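No lab work stands behind these numbers, since they all come straight from the coordinates. Being a predicted model, the structure only gives us computed values, none of them experimental. Cβ placement follows ideal geometry from the backbone for every residue including glycine, while neighbour counts extend to all protein chains displayed.
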Amino acid sequence: MSLLKIENLQANVNGNQILKGIDLEVNTGEIHAIMGPNGSGKSTLANVLAGRDEYVVTGGKVTYLGKNLFDMSPEVRAREGIFLAFQYPVEIPGVSNANFMKTALNELRKYRNEEPLDAMDFLSLMKEKAALVEIDKTFLNRAVNEGFSGGEKKRNEIFQMAMLQPKLGILDETDSGLDIDALKIVANGVNKLSNANNAFVVITHYQRLLDYIIPDFVHVLYNGKIVKSGTKKLAFELEEKGYEWVKKEAVA
Amino acid sequence: MEDIEIVERLTQSEYKYGFTSDIKSDIAPKGLNEDVIRFISEKKKEPGFMLEWRLKAYRYWLKMKEPKWAKVHYPPIDYQDIYYYSAPKTVKEGPKSLDEVDPEIRRTFEKLGIPLTEQQRLAGVAVDAVLDSVSVATTFKDKLSALGIIFCSMSEAIQEHSELVEKYLGTVVPPTDNYFASLNSAVFSDGSFCYIPKGVRCPIELSTYFRINAKATGQFERTLIVAEEGSYVSYLEGCSAPMRDENQLHAAVVELIAEKNAEIKYSTVQNWYPGDKEGKGGIYNFVTKRGMCRGDHSKISWTQVETGSAITWKYPGCILKGDNSIGEFYSVALTNNYQQADTGTKMLHLGKNTKSRIVSKGISAGKGQNSYRGLVSVMPNAANSRNFSQCDSLLIGDKCGAHTFPYLDVGNKSSIVEHEATTSKISEDVMFYCRQRGISTEDAVSLIVNGYAKEVLNQLPMEFAVEAQKLLAVSLEGSVG
């Protein structure tokens, strides 16, 4: 089933055109990797899809679950199942992970006309998902990301994703700054969540994450456009030849 | 936090306590003079010493000037254009039991969510409810009197326990203390009185609920709490007022006295009408609250959540007279729209090894102005004293203001005074992060603000902490997005 359809998407940040016509279709059950050199527009794409204000759409269209994505506010997109794992997760002092997740999950349930989860069910769900990304229970009572290491913050993103079970998970350079063990934990989390009814868009600079999350498709973003698409092999090719190879081809 | 309930509250009314009740009032003529004071004293069937006390305060007040040093602005108050006494007519003789309380008054309190019937017995809260100027009903009296605890309206205390009132009234906040305290001393109409005998631990939370109902009425309640040696009491006051276009004056005085090894915990959830979005109407909340740690090892702890009032002018303080005594002040003050708050505390260290702790969390939104003003004064004899102050400000939007005025005065070398202050803003990044998790802007602000204020809210008795969280959310309605 078509989950997300991006057609000729163009977007500005601070008046600079960053996305210059992106086309991409994501179906349920698929994992797409988007690779590209720094400044190619990878994070912009993620933020445009999530609906961040500073990212101004100047052309094209995005259809999500058959509806115009741009008609939805960021929170409605989230409740409709779009989850962005942030490249730089923020700290929220005084708000525990548990309280934050309870609020988010119950907003989601309310949107679906479901009853809020009771405390016991919520607690056991949290424990189950925390185990998935190998985080300690005590972390749930700590303030959101406050004093977390880089790796802990990224694991927290995957934990939240597991809690909210999105239809479309977008990982914005979740692998950056992770050591190999944390990388494996993050990848393992995504693999366990992946099923026939959801899809993931994994944005990464490096090929190494794709050793653990096997994508169905790899796209190379350069200068605001997808210049190459292929299978997992494309990632290896990139690793071998470097982004210079794509840049040259793009110019040619 | 019960988030769902917060959502429900948010989608509800603006100021949900803004109803008026149709109750016949017994009022003194407008304005202030010695006759009005005599009228009040007579109405309350007070002993002679009280009238003298009031007149003395009044005569002193006439010579005083309204303080102008606070960072608040308001048009001049016409003290002759206020009613100083308004009693619901049906309360003339004072109710003998709950059944005798006017059903209309009871409905008012029910709308406010103050339980006056069986339910609150289950909740374990003894409530003294003050409507306009008169105490309407005091629940739980029998149970408390078995322990020797006196909990009643100030009027009743003046009649029934005049020796205690005469002994303690004005010993912490003298009738000459300041402009508003003097005014209060002259005209106070009711309030609560609480006396905990030696060695008794009050088994329930005591609570007073104040409400201004009548139009153009000032409210001047007076509360006095005395905790004898080794006793303990936790006391909570709540307040609200109907929505009215004109400003109303509220000048209360609270005095606390803690003897040796005694502890008083005083919590306030203040939700007087703040005025509308354009800054029209609202309560002027000019309040003097002070506690005296008289005995060694005594402790007084103030916790306040200030969300209402057009203007708040309030500095609950502690005089740490006994050696090893402890004073605490935990405050959340929120200003939205055109609200102004100048609030903080005074900690006076007189005894040796005295400790004070100040945690102030200011929240400014809309065009609100929020000032923390605090004095920590350590006397030369107060050796080895400690103070820690934490003053945080949170700004929501770019039209509000936060100000901090700490005054530190350390008179000896063995004492340590620490002051920390932070100012933060709810950033776009944090808001977007919350929204990306499906949390609406309003709920995100509520979540962040409650997280920010948690250290203070945790000091409140459980059920009031929940109420305070909801109040913060409601008070911030429309402040973002």
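A straight Cα-to-Cα reach below 17 Å connects A:K233 with the lysines A:K241, residues fewer than 8 places away in its own chain not being considered.
Number of Lys-Lys pairs in the range B:323-423 under 24 Å by Cα, sequence gap 8 or more or different chains?
Numbers: B:K346/B:K355; B:K346/B:K361; B:K346/B:K413; B:K352/B:K413; B:K355/B:K413; B:K361/B:K399; B:K367/B:K399.
Lysine pair count for the range B:323-423: 7.
Per the Debye calculation on the protein assembly as shown with a single equal scatterer at every Cα and no solvent contribution, log₁₀ I(q)/I(0) for q = 0.11 Å⁻¹ amounts to -1.08. A Stokes-Einstein calculation at 37 °C with viscosity 0.692 mPa s, built on the Kirkwood radius of the range A:102-252 over Cα pairs, returns a diffusion coefficient of 190 µm²/s.
Taking amide H positions as modeled 1.01 Å from N, with prolines and chain starts lacking one, the residues under 5 Å from B:T208 and 5 or more places away or on another chain are B:D128, B:L236, B:E237, B:G238.
Taking a ≥ b ≥ c as the square roots of the eigenvalues of the Cα gyration tensor, the range A:10-69 is oblate, since a/c reaches 1.5 or more and a/b is not larger than b/c. Projected onto its three principal axes, the C-alpha set of chain A covers 60, 40, 35 Å, listed from the longest axis down. I need the shape label for the range B:368-481. Rule: rounded when a/c is under 1.5, else prolate if a/b > b/c, else oblate, with a, b, c from the alpha carbon gyration tensor. It is prolate, given that a/c is not under 1.5 and a/b is the larger ratio.
Amide hydrogen proximity for B:H403: with H placed 1.01 Å from N in the peptide plane, the residues at 5 or more positions away or on another chain lying under 5 Å are B:N370, B:S371, B:Y372.
Expressed in units of 2.2 N^0.38 Å, where N is the residue count, the Cα radius of gyration of the range A:11-130 is 1.25. Geometric descriptor of the range B:260-407, per residue, is 76 Å³ (volume of the convex hull of the Cα atoms). Its relative contact order, with pairs defined as Cα atoms under 8 Å and 6+ residues apart, puts chain A at 27 percent.
Other residues whose C-beta falls under 12 angstrom from the C-beta of B:K346 contribute a net charge of +2, scoring Lys and Arg +1 and Asp and Glu -1. Computed on the Cα trace of the range A:134-199, the radius of gyration divided by the Kirkwood hydrodynamic radius gives Rg/Rh = 0.96.
The overall shape of the range A:55-122, judged from the alpha-carbon gyration tensor, is oblate: a/c is not under 1.5, and a/b is no greater than b/c. Quick query: amide H of B:K346 versus all other amide H atoms, modeled in the peptide plane; which residues come in under 5 Å with a sequence gap of 5 or more or a different chain? Result for B:K346 returns B:G317, B:C318, B:L375.
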